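Only the coordinates and a few stated rules stand behind these numbers; no lab work does. Predicted, not measured: the structure shown is a model, and the values here were computed from it. Cβ placement follows ideal geometry from the backbone for every residue including glycine, while neighbour counts extend to all protein chains displayed.
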Amino acid sequence: EYRPRSAIGWNQDGQIWLMTSSRGENVNDNGMRMGGSTTDQMGQWLMQLGATDAVLLDGGGSTTLEMNDPEDGWRRLDLPEGAWYRALANAFALQSRY
C-alpha cells in the first residue's frame with residue numbers, strides 16, 4: 001500500500017540516511033497523509049544509496065522530517081511550510097557531537 005513512510009538506513013562505513021516519503025502537498029487530508037511509497041520501495045531506495053541495514057519507522061500522519069539549520073533555524077523538509085501535521089509524543093533525533 002502506498003503510504004507516507006519514515007526510515008533510517010546505514011552502512012558499515014558510518015553513512016546514515018534519514019528518509020521520508022509523502023505526497024509533499026499542503027492538503028486537507030483529515031489527518032491521513034496521502035501518497036508515499038510501499039515498504040519494499042523504501043528498502044530498495046536505501047539499498048541504492050548504499051545502506052546495508054535499515055529500520056522502518058512509524059508512518060502515515062507521523063511522517064515528518066524537520067531540520068535545525070544553523071542559518072535558518074527549524075524548518076520542515078517533507079511538506080511545505082504551514083502544512084498540517086499532527087502533534088507527536090515522540091521523535092527520533094540526531095545531534096552532532098562537534
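Okay, which of the stretch 40-62 sit inside 15 Å, backbone N to the point 7 Å along the Cα-Cβ direction of Ala93? In the stretch 40-62, the label zone of Ala93 (backbone N under 15 Å from the point 7 Å along Cα→Cβ) covers no residue.
Amide H to amide H, with H built 1.01 Å from N, Gly36 comes under 5 Å of Ser22, Arg23, counting only residues 5 or more places away or on other chains. Within the stretch 49-75, find all residues whose amide N lies under 16 Å from a label point positioned 7 Å from the Cα of Trp17 along Cα-to-beta-carbon. Answer for the stretch 49-75: 49-57.
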